[in-house]
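Below is one structure, written out as structure tokens; comments come after it.
Throughout, read-outs are computed from the coordinates displayed, never taken from laboratory work. These numbers were taken from a predicted model, which means no experiment stands behind them. Neighbour counts are summed over all protein chains in view; Cβ atoms, including those assigned to glycine, are modelled from backbone coordinates with ideal geometry.
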Amino acid sequence: MRRGNTVFRYVHYEVTCALLAVCAALVSAGVVFGVEGAPETPGGVGRAIALGLTYLVLVAGFGVLTVSRIKWFGEGRDFDKAVPLQEPAAVLPTRGKEYRNCVNVLLFVFLAASAVGGGLFWERDLALFPLIFASAWSARAWWVSRWERRHGLLLWNGRIRTQPLADDQYLYSSVRQPEGSARDA
């Protein structure tokens, strides 16, 4: 990869963010529940789990809406405007390095710190709030992956100096390689 080019798969970024949110929830729950104890559930554990899962499903639905083609709300229309890469082999990350630019450490620190702070100083249940984002990011990743398969393209986010984007564009695209190839991983 040439210096100055930082591109990463759109789907990989969404999945990585979801994993970071789950990790932040695990860390914050361990700290908060270790210090304050587990939250009480007046209606029983089963009821609390059912309510939590229902909420996560609703948030996942919202996540899908954010990548839909709904005007002024969803990003789906932007996928069709993705700029085809002129020289994919020259700018795309090599195998094994495709996740390097996806890991957002500041996001993890923010999610974990705010969940720990909210759980310790306000309400213990807030230690699990990063799961809300994990649900939305997972749903977004699923929807975008589905879009990529239907269109035979891979969506890339980032910056390539030799191929700048227009004002209304923020994604690149490359042709999806056959199953089992290095680019399809």
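Annotations for the structure displayed:
- Relative to the current alpha-carbon distance between Leu53 and Phe33, full extension at 0.36 nm per residue lengthens the span by 5.2 nm.
- Taking 19 Å as the cut-off, the amide N atoms of the range 5-21 that come nearer than this to a point 7 Å along the Cα-to-beta-carbon line of Arg146 belong to 10-16, 18.
- Averaged over residues, the count of other Cβ atoms within 10 Å places the peptides 74-81, 25-32 in the sequence 25-32, 74-81, highest first.
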